[in-house]
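Right, one structure below, let's go through it.
The values are calculated or read from the model by the stated rules, or taken from the named source; none is laboratory data. Note that the structure is a prediction, hence the values are computed from the model and not measured. Here Cβ is always computed from backbone atoms with ideal geometry, including for glycine, and neighbour counts include all displayed protein chains.
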Amino acid sequence: MNEPVGYHDETRYEADIKKEYANDQIVVTWEPAYCIHAADCLNGLPAVFDPWRRPWVAIDAATADEIADVVMRCPTGALHFRRLDGGDQEPEPQDPTVQLRPNGPLFVRGKIRIEDASGHLIREDTRVALCRCGGSRNKPFCDGTHRTIGFRSGPSRSSGT
């Protein structure tokens, strides 16, 4: 997806911003500071998630089950949900997995706790995107800078033994 130039300079991308979209069945939370526009939500439910509409989440445009399914696809943890209708909540994380994205971040899933060098908690989540290009203004998290600086991760390596 194409973002407007300087989109991360907007106040809605400040680290402590958290938006909620709710009806009587589900609450979707969005933390823009962690969103890198991977577009899994947009592609999964375009009637619900539309970045050109305000508000960009139309919570009544799909069922709570459909929304929950798509929110779980968010690789960065920018989107989460809480069910109010007795439906399944976000599952407890399984064993950690790390997925190297070609020319992009590391997508990490599992029970993730990130601390600074002094042991202070930076973030605890089930999904994060970590910067590999070194250019993020939101380190250690990816902010999508890899796209604008032309980061290339190099040839893939075989898992030969």
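So which of Thr63, Thr76 ends up being over 22 Å from Asp16 (Cα atoms) and of a type in the set (Ser, Thr, Tyr)?
Testing whether each residue is over 22 Å from Asp16 (Cα atoms) and of a type in the set (Ser, Thr, Tyr) leaves just Thr63.
Report yes if some residue within the stretch 51-58 is at pLDDT 95 or above, within 17 Å of Thr126 (Cα to Cα) and buried (at least 16 other Cβ atoms within 10 Å of the Cβ); otherwise report no.
The answer is no, given that none of the residues of the stretch 51-58 is at pLDDT 95 or above, within 17 Å of Thr126 (Cα to Cα) and buried (at least 16 other Cβ atoms within 10 Å of the Cβ).
Look through the stretch 11-26, keep the residues that are at pLDDT below 90 and part of a loop (DSSP other than H, G, I, E, B), and return whichever of them is nearest to Leu84 (Cα to Cα).
Result: Ile17.
Test of understanding: among Asp125, Asp143, which residue is under 18 Å from Trp30 (Cα atoms), of a type in the set (Asp, Glu), touching a residue at least 40 places away in the same chain (Cβ under 8 Å) and part of a strand (DSSP E or B)?
Within the list Asp125, Asp143, the selection yields Asp125.
Only residues that are surrounded by 12 or more Cβ atoms within 10 Å (Cβ to Cβ) and aliphatic (A, V, I, L, M): list them for the stretch 107-121, please.
Val108, Ile112, Ile114
If Asn103 satisfies all but one of (1) of a type outside the set (Val, Ile, Thr); (2) surrounded by 15 or more Cβ atoms within 10 Å (Cβ to Cβ); (3) part of a loop (DSSP other than H, G, I, E, B), what's the number of the condition it fails?
(2)
Looking at the stretch 70-98 only, could you name the residues that are assigned to a loop (DSSP other than H, G, I, E, B), surrounded by 14 or more Cβ atoms within 10 Å (Cβ to Cβ), without any contact (Cβ under 8 Å) to a residue 40 or more places away in the chain and of a type outside the set (Asp, Glu)?
Hits for the stretch 70-98 are Met72, Arg73, Pro93.
Does the stretch 80-128 hold any residues that are of a type in the set (D, E, K, R) and in contact with a Gly (Cβ under 7 Å, 6 or more places away or on another chain), and which are they?
Asp95, Asp125, Arg127
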